[in-house]
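Written out below as structure tokens is the structure these notes cover.
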């Protein structure tokens, strides 16, 4: 007859195995790879990440950003060490988000068998419907913060670096708009989405 100690050991082992398989199943059905480790991207994602910026591109996050069962990848062209922000550049936001200085950004979304660009930041912030920033000034670099929370989902924040003297500061929040299935700019409170503009520099209005 097995001892009580052996019975407890077997039960503990079975519980550990069950927890392991539950964790594996949860990862498979709810991919939340934010951020990604170097070399951990699937081959098709790695190939897609090279498309926007070539060898300068770097995938820094991958997963179901919009929580709709799809796959997206965040690709950046980092601001090089030879082009560091000026001394009067805004400091990194004091938040629990990851912050990186970039020249260009692209969010690619898997649609069927293809990867398509859903959002881009270069001289301006853009989605497939228009421009997301009110500044008429072309921005040479951005300080980008990004995070994903249970309350607000996947959010990004862009602060313009190295603006010409006297320019109005540019800071834009961007989030997934589930109604339009698009990345849109948010108001200052971060609660309402703003209508993209056909050209940069126009006033932003709340999406109705």
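The values are calculated or read from the model by the stated rules, or taken from the named source; none is laboratory data. Remember, predicted model here, so these are calculated numbers, not experimental data. Positions of Cβ are generated from backbone atoms using ideal geometry, with glycine treated the same way; all protein chains shown enter the neighbour counts.
Need the failing condition index for residue 204 against (1) over 19 Å from the mean Cα position of the chain (by Cα); (2) surrounded by fewer than 19 Cβ atoms within 10 Å (Cβ to Cβ); (3) under 30 Å from residue 71 (Cβ atoms); (4) modelled with pLDDT under 90, just the number.
For residue 204, the failing item is (2).
Output yes when any residue across segment 97-110 is in the same structural domain as residue 65 (by TED's automatic domain parsing), part of a loop (DSSP other than H, G, I, E, B) and surrounded by fewer than 16 Cβ atoms within 10 Å (Cβ to Cβ), and no when none is. Outline the logic, then answer.
Filtering segment 97-110 for residues in the same structural domain as residue 65 (by TED's automatic domain parsing) gives 97-110.
With part of a loop (DSSP other than H, G, I, E, B) added as a condition, the list becomes 97.
Adding the requirement that they be surrounded by fewer than 16 Cβ atoms within 10 Å (Cβ to Cβ) leaves none.
Looking for residues that are in the same structural domain as residue 65 (by TED's automatic domain parsing), part of a loop (DSSP other than H, G, I, E, B) and surrounded by fewer than 16 Cβ atoms within 10 Å (Cβ to Cβ), one finds none in segment 97-110, hence no.
Of the residues 68, 60, which single one is surrounded by 18 or more Cβ atoms within 10 Å (Cβ to Cβ) and either in a loop (DSSP other than H, G, I, E, B) or at pLDDT 90 or above (or both)?
60 is the lone residue from the list that is surrounded by 18 or more Cβ atoms within 10 Å (Cβ to Cβ) and either in a loop (DSSP other than H, G, I, E, B) or at pLDDT 90 or above (or both).
If I ask for residues that are in contact (Cβ under 8 Å) with a residue 40 or more places away in the chain and either part of a loop (DSSP other than H, G, I, E, B) or more than 18 Å from residue 195 (Cβ to Cβ) (or both), which ones from segment 124-137 would you list?
124, 128, 129, 132, 133, 134, 135, 136
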